[in-house]
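For reference, the structure is listed below as structure tokens.
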Amino acid sequence: MTTILVTGGAGFIGSHTLLALKAAGYAPVVIDDLSNGHADAVGDARLIKGDIRDRALLDRVFGDHDIAAVIHFAASIEAGISVREPLAFYDNNVSGSLALLSAMKDHGVGRLVFSSTAAVYGQAGNAPLREDLPKAPVNPYGQTKWAVECMIRDAATAHGLKAIALRYFNAAGADPEGRAGERHEPETHLIPLVLEVASGKRDAIRVFGTDYATPDGTCVRDYVHVADLATAHVRALQRLEAGGERPAVEAFNLGSGSGFSVRQVIEAARRVTGHPVPVIEEARRAGDPPVLVADPALAHTLLGWTPDWPALDDMIAHAWRFLQAQAKAA
Ligand SMILES: NC(=O)c1ccc[n+]([C@@H]2O[C@H](COP(=O)([O-])OP(=O)(O)OC[C@H]3O[C@@H](n4cnc5c(N)ncnc54)[C@H](O)[C@@H]3O)[C@@H](O)[C@H]2O)c1
Ligand SMILES: O=c1ccn([C@@H]2O[C@H](COP(=O)(O)OP(=O)(O)O[C@H]3O[C@H](CO)[C@@H](O)[C@H](O)[C@H]3O)[C@@H](O)[C@H]2O)c(=O)[nH]1
């Protein structure tokens with residue numbers, strides 16, 4: 001079996017990708033410091049607990065395992081928090097990726113799938129975003145991800161690395177079979193917070209900004225099912241393995257192509273759960289672009305990727321089922 005190193009594999013998207021990797025016949029090995037992940041989320045995959053900025057640890061891992069490729073999820077992820085703590089984000093996201101890329105170079109590992117983000121585009125307007133748009137992140141989180149994409153490009157030119165950057169839009173939902181889900185503590189993402197309100201764990205959802213130039217004044221995002229993101233990683237690995245005449249680094253948007261406002265998400269959660277979701281309107285959150293919606297055509301054409309679960313209500317229903325199962329088990 002082909003061994004794949006998965007950094008951040010104990011996290012939300014990582015744990016779902018482990019399920020897809022195993023189903024496709026790969027043997028994942030995980031490095032995760034568990035700062036935002038859970039040891040039991042990796043299932044029967046090998047978990048090495050540690051920080052990717054620890055170069056000695058990386059040397060041991062690359063020395064001990066015959067690693068064919070790396071999928072790199074490990075990062076600090078919250079755009080809003082990055083505005084208040086930019087240096088911590090540069091440290092984890094940029095220094096972590098630098099340590100990983102130099103270890104890959106020194107150990108002769110030449111294939112990488114990198115978790116990038118819609119946040120690299122910044123405030124690029126309301127039309128669906130294409131990969132070749134100018135990059136102008138409006139928060140430090142997006143800056144760190146774009147900096148790493150640039151680092152990967154330079155390493156590819158100089159050292160022969162082959163890489164795919166997957167620019168996810170807003171990951172949502174949970175494994176349709178209930179084996180994994182979103183377990184961030186504290187939670188900052190809209191859908192799980194709205195569901196915590198529906199379940200009675202929170203009193204109300206705070207809506208950050210109602211005066212944006214969008215149809216209902218709240219921010220618009222493109223929600224993509226986490227199981228579909230997981231599948232895209234397998235497709236990306238297979239594309240890297242197939243080789244051929246193509247650029248050393250490629251970037252693909254992963255989104256549904258449809259935008260939903262914060263108010264529409266809240267309405268969908270009321271519809272799916274049958275519970276009330278009280279709202280408190282608040283000021284804008286710093287670092288939020290008004291609209292982020294993908295043009296996913298390139299991933300359709302070149303990765304052969306289309307979402308199996310494009311409907312927002314399905315994403316919310318799967319997340320809701322996972323949350324309820326967690327509450328029952330607690
Ligand atoms: N969730 C989204 O909507 C979204 C959208 C776009 C991009 N992304 C990117 O996808 C990736 C995964 O996101 P997620 O939502 O699963 O986040 P997550 O926080 O659930 O997963 C990240 C994992 O990385 C680990 N980690 C963080 N820093 C580490 C370090 N220095 N060394 C070792 N492990 C470390 C955490 O413990 C966690 O388990 C991130 O790179 C994120 O920036 C996420
Ligand atoms: O309590 C809340 C939480 C969020 N929001 C709003 O809901 C939208 C979505 O926010 P959130 O779920 O926090 O996601 P984003 O800030 O859009 O960022 C996510 O999606 C990005 C890609 O678009 C990723 O890069 C990030 O890692 C990931 O955290 C934003 O307009 C927020 O202002 C609220 O109004 N109230």
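The values are calculated or read from the model by the stated rules, or taken from the named source; none is laboratory data. All values derive from a computational prediction rather than experimental measurement. Methodologically, a virtual Cβ is constructed for each residue, glycine included, from the backbone with ideal geometry; neighbour enumeration extends over all protein chains shown. Quick note on the areas: whole protein, heavy atoms, side chains included, nothing else; ligands and nucleic acids left out. Shrake-Rupley method; radii C 1.70, N 1.55, O 1.52, S 1.80 Å.
Run down GLY37, GLY50, GLY43, GLY8 and say which single residue is among the small types (Gly, Ala, Ser), free of Cβ contacts under 8 Å to residues at least 24 places away in the same chain and in contact with a helix residue (DSSP H, G or I) (Cβ under 8 Å, 6 or more places away or on another chain). None of the other options fit; the residue is GLY50. Out of the residues in the stretch 125-164 that are hydrophobic (A, V, I, L, M, F, W, C) and assigned to a loop (DSSP other than H, G, I, E, B), which is least open to solvent (accessible area, probe 1.4 Å)? Among those that are hydrophobic (A, V, I, L, M, F, W, C) and assigned to a loop (DSSP other than H, G, I, E, B), it is LEU161. In this entry, ALA174 passes the filter for residues that are part of a loop (DSSP other than H, G, I, E, B), in contact with a helix residue (DSSP H, G or I) (Cβ under 8 Å, 6 or more places away or on another chain) and open to solvent by less than 10 Å² (accessible area, probe 1.4 Å). Of all the residues in the stretch 191-226, those that are closer than 21 Å to PRO296 by Cβ and crowded, with 23+ Cβ neighbours inside 10 Å number 8. Here the stretch 252-297 is the region considered, the condition is being under 18 Å from the mean Cα position of the chain (by Cα) and among the charged types (D, E, K, R), and the residue that is nearest to ARG206 (Cα to Cα) is ASP288. Looking only at the stretch 112-121, decide whether some residue is of a type outside the set (Gly, Ala, Ser), farther than 25 Å from VAL42 by Cβ and either modelled with pLDDT under 95 or near ligand 1 (Cβ under 10 Å from one of its atoms) (or both). Looking for residues that are of a type outside the set (Gly, Ala, Ser), farther than 25 Å from VAL42 by Cβ and either modelled with pLDDT under 95 or near ligand 1 (Cβ under 10 Å from one of its atoms) (or both), one finds at least one in the stretch 112-121, hence yes. The combined condition, being within 9 Å of ligand 1 (Cβ to nearest atom), open to solvent by 50 Å² or more (accessible area, probe 1.4 Å) and out of contact with any Leu (no Cβ under 6 Å at 6 or more places or on another chain), is not fulfilled by ASP66.
In summary, TRP305 fulfils each of the numbered conditions (1) in contact with a Ser or Thr (Cβ under 9 Å, 6 or more places away or on another chain); (2) in a strand (DSSP E or B); (3) not hydroxyl-bearing (Ser, Thr, Tyr) with the single exception of condition (2). Go through the residues of the stretch 253-270 one by one and say whether even a single one is touching a residue at least 60 places away in the same chain (Cβ under 8 Å), under 30 Å from ALA68 (Cβ atoms) and not small (Gly, Ala, Ser). Scanning the stretch 253-270, I find at least one residue that is touching a residue at least 60 places away in the same chain (Cβ under 8 Å), under 30 Å from ALA68 (Cβ atoms) and not small (Gly, Ala, Ser), so the answer is yes. Condition check: among the polar types (S, T, N, Q), within 14 Å of ligand 1 (Cβ to nearest atom) and under 24 Å from SER258 (Cα atoms). Does THR188 satisfy that? When the stated conditions are applied, THR188 passes them. Based on what the data block shows, is LEU298 touching a helix residue (DSSP H, G or I) at 6+ places or on another chain (Cβ under 7 Å), surrounded by 17 or more Cβ atoms within 10 Å (Cβ to Cβ), under 30 Å from VAL83 (Cβ atoms) and not polar (S, T, N, Q)? In short, no. Condition (residue is surrounded by 16 or more Cβ atoms within 10 Å (Cβ to Cβ) and within 16 Å of ligand 1 (Cβ to nearest atom)) applied to the stretch 264-277: is it met by at least one residue? Checked against the condition, which is being surrounded by 16 or more Cβ atoms within 10 Å (Cβ to Cβ) and within 16 Å of ligand 1 (Cβ to nearest atom), the stretch 264-277 yields at least one hit. Considering (1) in a strand (DSSP E or B); (2) closer than 23 Å to MET315 by Cβ, the lone condition that PRO28 does not fulfil carries the number (2). Every condition in (1) assigned to a helix (DSSP H, G or I); (2) open to solvent by 20 Å² or more (accessible area, probe 1.4 Å); (3) of a type in the set (A, V, I, L, M); (4) within 13 Å of ligand 1 (Cβ to nearest atom) holds for ALA56 except the one numbered (4). Looking at ARG167, is it charged (D, E, K, R), part of a strand (DSSP E or B) and surrounded by fewer than 21 Cβ atoms within 10 Å (Cβ to Cβ)? For ARG167, the condition - charged (D, E, K, R), part of a strand (DSSP E or B) and surrounded by fewer than 21 Cβ atoms within 10 Å (Cβ to Cβ) - is not met. So for the stretch 236-256 (the condition being under 18 Å from GLU187 (Cβ atoms) and away from ligand 1 (no atom under 16 Å from the Cβ)), does at least one residue qualify? No, the stretch 236-256 contains no residue that is under 18 Å from GLU187 (Cβ atoms) and away from ligand 1 (no atom under 16 Å from the Cβ). The set of residues in the stretch 71-123 being within 19 Å of LEU161 (Cβ to Cβ), part of a helix (DSSP H, G or I) and open to solvent by 10 Å² or more (accessible area, probe 1.4 Å) consists of VAL94, SER95, LEU98, ALA99, LEU101, SER102, LYS105, ASP106.
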